[in-house]
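Following: one structure in structure tokens, then a few remarks.
The values are calculated or read from the model by the stated rules, or taken from the named source; none is laboratory data. Keep in mind it's a predicted model, so treat the numbers as computed, not measured. Cβ sites come from the backbone with ideal geometry, for glycine too, and all protein chains shown count toward neighbours. Each accessible area value is taken on the protein alone, full model and side chains, heavy atoms only, with ligands, DNA and RNA left out. Shrake-Rupley method; radii C 1.70, N 1.55, O 1.52, S 1.80 Å.
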Amino acid sequence: METNYITLTKENIADEHICCAFSDKKCKDSYELKKAWLKKEFDNGYVFRRIDERAKVFIEYGPAEKAWVPVSAPNYLMINCFWVSGKYKGCGHGKALLQSAIDDAKLQGKDGLVTVVGTSKFHFMSDTKWLLRQGFQTIEKLPYGFSLLALKINPAAPDPSFNDSVLTGECPDRDGIVVYYTHRCPFTEFHVRGSLVNAAKSKDLPLKIIELETMEQAQNAPTPATIFTLFYNGKFVTTDLSACIEARLGKALGL
């Protein structure tokens with residue numbers, strides 16, 4: 001039986017789910033913030049495509065020049081979230097969704113696709129090994145665990161690159177916990193403003209929360225993972241949102 005995929009738009013997003021957190025009542029407000037973010041980004045050519053079922057099977061991408069990521073990749077499409085979960089793995093959905101993005105890139109005359117991943121698997125990031133098997137190549141690596149991958153349509157196109165702001169793995173604030181986040185994920189607002197605040201207070205740790213509110217701020221952030229990144233005493237720690245939970249915060253910080 002043929003699988004149906006749907007593309008969300010400003011006209012249908014109110015009635016369609018966005019795969020993550022659609023059944024999580026505690027994240028209801030965060031969920032709506034992600035939908036509001038998507039509606040604005042649709043005007044910048046952003047695409048959210050998913051399986052037409054209540055499942056976490058989807059891809060998000062858009063023009064790299066408009067991406068909320070500190071990467072320079074003129075005339076590429078930037079893949080953001082890309083996920084196939086549970087019983088849907090191994091059924092060809094990942095390849096089908098990726099091919100739809102490749103087809104879009106060709107129609108738009110793009111030089112290729114680009115994405116940020118963990119050199120080893122990072123939380124809330126696409127599967128690095130799988131993407132490499134699909135023809136992506138590693139363009140650049142950061143010493144604290146991020147890689148920039150590209151799938152070129154035009155072999156002569158210049159390579160994408162990380163922006164200078166992310167090269168060191170450090171943030172300007174050196175005291176305690178510092179978190180950078182956006183509404184690109186329907187879980188972040190709830191856990192950053194709720195779980196993490198409570199966890200930091202319980203451990204008597206200084207906490208600074210920086211919400212990246214504009215594309216320009218995100219493109220100049222000190223982390224390639226603008227969905228969520230936690231620093232401690234100025235050093236990169238994790239992209240794992242579960243570190244916001246009190247029971248896991250100490251372990252993440254090595255305390």
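Some observations on this one:
- Among the criteria (1) surrounded by 16 or more Cβ atoms within 10 Å (Cβ to Cβ); (2) under 13 Å from R184 (Cα atoms); (3) aliphatic (A, V, I, L, M), the one A36 does not fulfil is (1).
- Here the condition is being of a type in the set (D, E, K, R), touching a Gly at 6+ places or on another chain (Cβ under 6 Å) and open to solvent by 20 Å² or more (accessible area, probe 1.4 Å); of E216, E170, E211, it holds for E170 alone.
- Lone qualifier among P206, P224 - being in contact with a Leu (Cβ under 9 Å, 6 or more places away or on another chain) and either at pLDDT 95 or above or on the phi > 0 side of the Ramachandran plot (or both): P224
- Among the residues of region 206-249, those that are of a type in the set (A, V, I, L, M) and out of contact with any Ser or Thr (no Cβ under 9 Å at 6 or more places or on another chain) comprise L207, I209, I210, M215, A243, A247.
- Residue in region 26-55 that is modelled with the lowest pLDDT, counting only those that are closer than 22 Å to E213 by Cβ and small (G, A, S): S30
- Odd one out for A199, checked against (1) over 29 Å from I102 (Cβ atoms); (2) of a type in the set (A, V, I, L, M, F, W, C); (3) in contact with a Pro (Cβ under 9 Å, 6 or more places away or on another chain): (3)
- Scanning region 220-255 for residues that are in contact with a helix residue (DSSP H, G or I) (Cβ under 8 Å, 6 or more places away or on another chain) and polar (S, T, N, Q) turns up N220, T223, T226, T238, S242.
- The combined condition, being in contact with a Gly (Cβ under 8 Å, 6 or more places away or on another chain), among the charged types (D, E, K, R) and open to solvent by 50 Å² or more (accessible area, probe 1.4 Å), is fulfilled by K235.
- Taken together, the residues in region 223-232 that are farther than 17 Å from P186 by Cα and open to solvent by 10 Å² or more (accessible area, probe 1.4 Å) amount to 1.
So that you can scan it fast, the table gives a plain yes or no per residue for (1) assigned by the TED database to the domain that holds F228; (2) aliphatic (A, V, I, L, M); (3) without any contact (Cβ under 8 Å) to a residue 12 or more places away in the chain; (4) open to solvent by less than 20 Å² (accessible area, probe 1.4 Å):
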| site | (1), (2), (3), (4) |
| --- | --- |
| E60 | no, no, no, yes |
| C81 | no, no, no, no |
| L107 | no, yes, yes, no |
| T115 | no, no, no, yes |
| S120 | no, no, no, no |
| Q137 | no, no, no, no |
| P155 | no, no, yes, no |
| P158 | no, no, no, no |
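- Across region 41-58, the number of residues qualifying as open to solvent by less than 20 Å² (accessible area, probe 1.4 Å) and within 21 Å of F122 (Cα to Cα) comes to 2.
- Of all residues in region 194-222, those that are not assigned by the TED database to the domain that holds G45 and part of a loop (DSSP other than H, G, I, E, B) have Cβ atoms under 7 Å from Cβ atoms of residues that are among the acidic types (D, E) and surrounded by 14 or more Cβ atoms within 10 Å (Cβ to Cβ), 6 or more apart or on another chain, in P222/E170.
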